[in-house]
Each structure stands twice: as C-alpha cells, then as structure tokens.
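The values are calculated or read from the model by the stated rules, or taken from the named source; none is laboratory data. A quick note: this is a predicted structure, and the numbers were derived from the prediction, not measured. Neighbour counts run over all protein chains shown; Cβ positions are idealised from the backbone, glycine included. Just the protein is used for accessible areas: all its heavy atoms, side chains included, with ligands, DNA and RNA removed. Shrake-Rupley method; radii C 1.70, N 1.55, O 1.52, S 1.80 Å.
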Amino acid sequence: MDTPTVTKPKEAEDAPDLTDGFHLVIDALKLNGITTIYGVPGIPITDFGRLAQAAGMRVVSFRHEQNAGNAAAIAGYLTKTPGVCLTVSAPGFLNGLTALANATTNCFPMILISGSSEREIVDLAQGDYEEMDQLAVAKPLCKAAFRVLHAADIGIGVARAIRAAVSGRPGGVYLDLPAKLFSQVMNADAGAKSLVKVIDPAPAQIPAQDAVKRALDLLKSAKRPLIILGKGAAYAQADDKIRALVEKSGVPFLPMSMAKGLLPDTHPQCAGAARSTVLQESDVVMLIGARLNWLLSHGKGKTWGKAPKQFIQIDIDPKEMDSNVEIAAPLVGDITSCVSALLDQMGGNWPASPSDWTGAVNSKREENIAKMAPRLMKNSAPMDFHSALGSLRTVVKERPDIILVNEGANTLDLARAVIDMYQPRRRLDVGTWGVMGIGMGFAIAAAMETGKPVLAVEGDSAFGFSGMEVETICRYNLPICVVVFNNNGIYRGTDVNSGGGADPATTVFVKGARYDKMMEAFGGVGVQATTPDELKRAVDAALDSKKPTLINAVIDPGAGSESGRIGNLNPQSVIKKK
Ligand SMILES: Cc1ncc(C[n+]2csc(CCOP(=O)(O)OP(=O)(O)O)c2C)c(N)n1
Ligand SMILES: [Mg+2]
C-alpha cells in the first residue's frame with residue numbers, strides 16, 4: 001500500500017515535535033507494563049482517559065470511584081503489578097481513598113492517581129473548584145504519596161509510585177497530578193528521555209541462613225506443628241514451592257480466607273475444618289505471609305488454648321515480628337526466597353510430622369465435615385445459608401477454575417467455611433478490615449484481569465455498597481454471576497424497631513426485594529431462586545452462558561446470626577435491651 005504523502009507547512013517542519021503531560025503519563029505507565037486504568041471521568045482527567053484509550057490502554061469507567069479503586073487494588077493482588085485507579089479531584093479522590101487505604105491494609109499494590117486543583121489557589125485556601133490538599137489527606141492512609149508539578153518529572157513520579165507500591169510489603173500509593181500538569185508541553189525527545197523503566201521493581205529479599213536454620217530447628221523440635229498460610233503467601237505466586245514445603249514437612253496447614261486454594265481445601269493435610277483444635281493444641285506455628293492480627297486473635301487468649309506456643313514467622317517486613325507476641329524464629333525476606341531457603345536446608349530426609357498429632361487433626365477434621373454434611377444437602381424453601389451454600393460448594397467443585405468473590409456477614413463467614421477452594425488466588429473477599437463494598441469492583445477486575453468467569457456471593461447489605469456497578473458489568477459484558485443472599489437485611493431480616501415507631505428496625509430492608517430486576521434493567525439476566533436446586537441450575541446456566549447474571553437467592557430471614565461469626569466483637573450495653 002502506498003504511504004500517503006503529507007506535506008507539512010515549512011514552519012511545522014522546523015518546529016520540534018512536542019509532547020505534553022497527558023502523553024507523558026500514558027507513556028510512563030505503558031513503558032512499565034501498566035495497560036489498564038480503572039476510574040471515573042471528570043475535570044481534570046476526562047481527556048486523559050480518552051487519550052489513554054486512544055493510545056491502546058484499557059480504560060474502564062465505573063459508576064463510583066470506590067468500586068474503581070477496589071478493582072485496581074485486586075488487579076494489583078492478582079497480577080503483582082500495581083492496579084491503577086484514576087479519579088477527579090476532592091470528592092472523586094476521597095471516594096477512591098477508602099479503596100487506597102483498604103489496599104494498603106491488605107498489602108495490595110495499587111496506585112490512586114487523582115487530578116487536583118490549582119496549587120496556588122488550594123494553598124492559599126481561596127476556594128478553587130474542588131479544592132483540597134489531597135496529598136496531605138492521602139499521606140497517612142497509604143504507603144507513599146507523591147505530587148508531580150513539572151512534566152519533566154512525570155517519568156520519575158510514576159516510577160517512584162510503581163516501586164513504592166510493589167517493593168517490600170506491597171501497598172497503596174497516591175500520585176497527585178494537578179490539572180495544569182496535563183497540558184504542560186515539552187520537547188518530545190526530552191520527554192521520551194525523561195521516562196523511567198523501573199528495573200526489578202520488587203527485588204528479592206534473601207533471608208539470613210542462620211534465621212533459616214533457627215526456623216527449621218524449631219519446626220523439627222515440634223510435637224504438634226502447624227503451618228498457617230496467609231494471603232501474602234497467595235500473593236507471592238510461589239505456589240509450587242509452598243506446596244512442596246507443606247508436603248515435605250507433613251505438617252497440617254490452615255489457610256486464612258484468601259489463602260484458601262493455595263493448596264486445595266481437600267488436601268489431606270488441610271486443617272481448615274479443625275481450626276479450633278489446631279490453634280488451641282499446636283505447639284509450634286509457622287506463619288507464612290499471615291499476620292497475627294485480630295483475624296488470628298493476636299496470637300493469644302482463648303482461641304490459642306493453654307498449650308505453650310512458639311512462632312516461626314515469614315514476612316517481608318521486619319516490623320511485623322513481635323507485633324503481638326514474641327516470635328521465636330523470625331524469618332525476614334520475600335516469601336519465595338524464604339520458602340526456597342527452607343526447602344534447601346530441609347534436605348532429603350526431613351522427619352515425618354508426629355503421627356499422633358496428624359492423626360488427631362485428621363479425625364477432628366473428618367468429624368466436623370461429617371457433622372456439617374447433612375445441613376448442606378437440605379433442599380428446602382426458603383433456603384437457609386447452609387443449604388444455599390451447599391449448592392454453590394458443588395458449583396465450585398465442578399468448576400475449580402472460577403473466581404469466587406464473597407462479602408457479607410453470615411454470607412461471608414459461612415461461605416468461607418462451606419465452599420472448598422481448589423486453586424490459588426480464586427477466593428477474593430473482605431480481607432483484613434472486613435470491609436463491605438468490595439464485591440462488584442473485585443468481580444469486575446477479576447473477570448478483566450484473568451478472563452475467567454466470576455461468581456460473586458453477596459449478602460444483600462454487602463451488595464448494596466457497590467450494586468450500581470451491575471450496569472458496568474453489563475456495559476462491558478463480563479462473565480460475572482452475582483448471587484445475592486437475600487435475607488431481607490443485615491444479619492437477619494426479622495428485627496423490629498424496639499422504640500415501637502413506624503420506622504423499620506435499623507438492620508432490616510424492604511421485604512421480598514427483587515435484586516434480579518436490577519440486572520435486567522441493564523440488559524443482563526435476572527433470576528429468582530427459592531430452592532438450592534433452582535440456585536444451582538441458575539448459577540450453572542450463568543457460568544455456561546458467560547452472560548452478566550444476578551440471582552436473587554431467597555434466604556430465610558430468621559436464619560442468620562448477629563455479625564455472622566464475629567458477634568463477640570460487639571460491645572454490649574450494661575442497660576438491658578427492651
Ligand atoms: C464499609 C462497611 N460498613 C459497614 C460495615 C458493617 N457491616 C458488617 S457486615 C454488614 C452487612 C451484613 O449484612 P449482609 O451483607 O446482608 O450479610 P448477612 O449476614 O445478612 O448474610 C455490615 C453493614 C462494614 N463491615 N463495612
Ligand atoms: Mg443479609
């Protein structure tokens with residue numbers, strides 16, 4: 001094909017090629033392998049989104065920044081490349097900030113890029129459009145925060161954001177881009193040279209050999225050893241090595257929620273169904289990418305029983321050690337390097353785990369599984385949590401590759417216990433904060449980043465926090481099946497207003513609501529399911545068709561318990577309830 005000849009006017013030929021802030025940010029992201037942006041458009045970043053799309057990036061528009069931020073965060077978790085969320089100034093920035101803080105708490109690498117208003121006006125508090133000192137607001141809530149004022153610094157600014165997000169313990173980074181920066185012009189050659197490709201953004205951190213030896217000596221001395229896998233272990237993508245370590249040691253393992261599936265929940269060493277027993281009775285506990293925070297009762301108290309405990313902890317952050325209890329064998333380094341070093345030093349004839357202990361754990365596990373089995377098989381209407389989850393458990397067993405997103409209270413705690421996972425990084429949930437609202441953002445990014453079908457199991461309250469994104473799911477035609485566990489409220493749908501007035505109780509919603517109609521409003525498939533059989537058929541159809549689907553699963557409003565399984569954290573009034 002002939003190349004058309006374009007005759008430029010003489011002045012244009014002499015003029016140097018130019019670039020600007022818009023293009024430099026796009027080029028800097030692309031140079032570092034970032035190809036997707038999750039966000040909401042508006043001043044001053046509307047054209048940035050358009051230009052990024054024109055430059056071949058995937059720019060995914062949401063209905064609310066918090067959901068875009070959650071999408072970016074989980075994209076970072078799934079890919080080990082920072083997920084990027086793009087927002088407008090002040091209110092858009094604040095909407096995204098919850099997701100940034102949540103990402104930081106959960107160690108997900110994410111960059112929140114927000115446009116901001118005129119520095120001169122903001123700093124003199126003269127009342128600019130969407131005025132806010134966003135950098136100052138973001139700083140305490142994320143791992144690092146940067147502002148770029150000159151186009152020539154965009155390359156460095158983006159590079160710093162990327163490295164801060166993924167190196168060491170990953171987390172959220174804020175990048176403040178004032179409106180004026182986008183239209184700043186510079187010579188295109190100088191602009192290209194100013195960009196930085198981040199070399200080795202998350203360098204390996206090799207553990208000290210004596211620390212490895214100390215850890216192994218302690219593990220070998222154990223009579224009742226336990227390995228706890230956290231989502232840090234899942235994030236590491238060292239799946240084969242971790243499996244080799246667990247199997248070579250023969251030690252029972254307990255997966256934290258998002259580490260489920262790192263080794264299958266049906267693995268003979270999995271102690272998930274004997275959680276209380278192993279926490280109480282173990283004597284040496286090796287934590288791999290799991291923190292001793294509230295989710296593990298801080299490593300002490302009733303949950304951990306009376307038997308004296310010694311901890312081995314693998315973590316990339318030295319400050320994590322002794323955060324709650326003494327760590328007898330700290331192993332500081334990245335998980336891949338630490339697990340490799342352990343495997344190397346274990347050698348070829350590591351002793352089997354004491355069989356009286358593994359035998360006791362196994363029989364407890366079998367006993368608990370047998371106890372739960374009949375509850376999962378009831379085919380009744382309305383469903384209770386167990387019978388509905390029994391269906392979904394079969395779906396995941398038959399389709400172990402799908403991604404499960406899960407939030408709610410009973411809907412979360414019971415799904416975690418009932419639905420076995422078989423593959424790594426297939427369970428995405430409320431994480432360290434137990435935050436509601438991650439559902440649709442996580443589901444959308446999981447579908448986009450992995451191309452796999454997603455099953456989002458949502459409490460009716462939980463779903464409400466991001467429910468408007470069903471439009472986004474339909475707009476991008478994503479293979480997402482949302483199941484709303486509709487029990488008419490938060491925890492239960494049966495509370496009454498104890499003041500006796502006309503207002504409903506604080507925890508109940510409209511009775512008999514039809515969430516399935518929301519999906520239909522945007523062209524997706526809506527289904528009402530009242531029995532476990534109907535539920536299973538509808539989910540299978542959705543996953544087969546890959547069509548955006550929302551199933552309103554009718555759950556007995558009286559079936560749930562207060563705060564799911566963490567009701568003990570509720571403070572109690574000394575004055576008796578009426
Ligand atoms: C951002 C946020 N707001 C509020 C809460 C408190 N909260 C915990 S669970 C929950 C909803 C539980 O109801 P639902 O999702 O319907 O689950 P169910 O127990 O009914 O299955 C709420 C509001 C929270 N965890 N996060
Ligand atoms: Mg509910």
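Given a 1.4 Å probe and the protein chains as shown, Arg163 ends up with an accessible area of around 90 Å². In the complete set of protein chains, residue-level accessible area for Asp123 is approximately 100 Å², probe 1.4 angstrom.
Taking all protein chains together and a 1.4 Å probe, the residues Trp350, Trp294 rank Trp294, Trp350 from largest to smallest accessible area. Size of the stretch 224-365 from its Cα atoms: along the principal axes, largest to smallest, the extents are 33, 33, 26 Å.
With q set to 0.09, 0.11 Å⁻¹, the log10 of I(q)/I(0) for the chain, from the Debye formula over equal scatterers at the Cα positions, is -0.75, -1.07.
Rolling a 1.4 Å probe over the protein heavy atoms leaves Lys511 with an accessible area of roughly 120 Å².
For Ala381, neighbours were defined as the other residues whose beta-carbon sits under 13 Å from its Cβ, and their charges (Lys and Arg +1, Asp and Glu -1) total -3. Close amide-amide hydrogen proximity is noted between Thr87 and Ile113, Ser114, Gly115, each under 5 Å apart and 5 or more residues distant or on a separate chain (H modeled in the peptide plane; Pro and chain starts excluded).
Amide H to amide H, with H built 1.01 Å from N, Val483 comes under 5 Å of Ala456, Val457, Glu458, Ile551, counting only residues 5 or more places away or on other chains. Dipole check for the stretch 22-162: with +1 at the C-beta of Lys and Arg, -1 at the C-beta of Asp and Glu, and the Cα centre as origin, the magnitude is about 700 Debye.
Quick check on the chain: helices-only [θ] at 222 nm, where DSSP H runs of length 4 and up contribute -39,500 (n - 2.57) each and the sum goes over total residues. Nearest 500, please.
Values: 23 runs with 229 residues, N = 578.
Roughly -11500 deg cm²/dmol at 222 nm, from the helical runs in the chain.
Can you grab the distance from the C-alpha centre of the stretch 508-578 to the C-alpha centre of the stretch 384-448, Å, no decimals? The stretch 508-578 and the stretch 384-448 have Cα centres spaced 13 Å from each other. Database remark: amide H of Val60 closer than 5 angstrom to the amide H of Ile37, Tyr38, Gly39 (H placed geometrically; neighbours at sequence offset of 5 or more, or on other chains; Pro and chain starts carry no H). When the chain is described by a simple charge dipole with +1 on each Lys and Arg Cβ and -1 on each Asp and Glu Cβ, the residue from Leu343, Ser387, Gly168 located farthest towards its positive end is Ser387.
For each pair in Lys231/Lys260; Lys260/Lys452; Lys260/Lys306; Lys231/Lys536, compute the distance between the two Cα atoms and list the pairs where it is over 20 Å.
Working: Lys231/Lys260 9 Å; Lys260/Lys452 18 Å; Lys260/Lys306 27 Å; Lys231/Lys536 29 Å.
In this structure, Lys260/Lys306; Lys231/Lys536 exceed 20 Å between Cα atoms.
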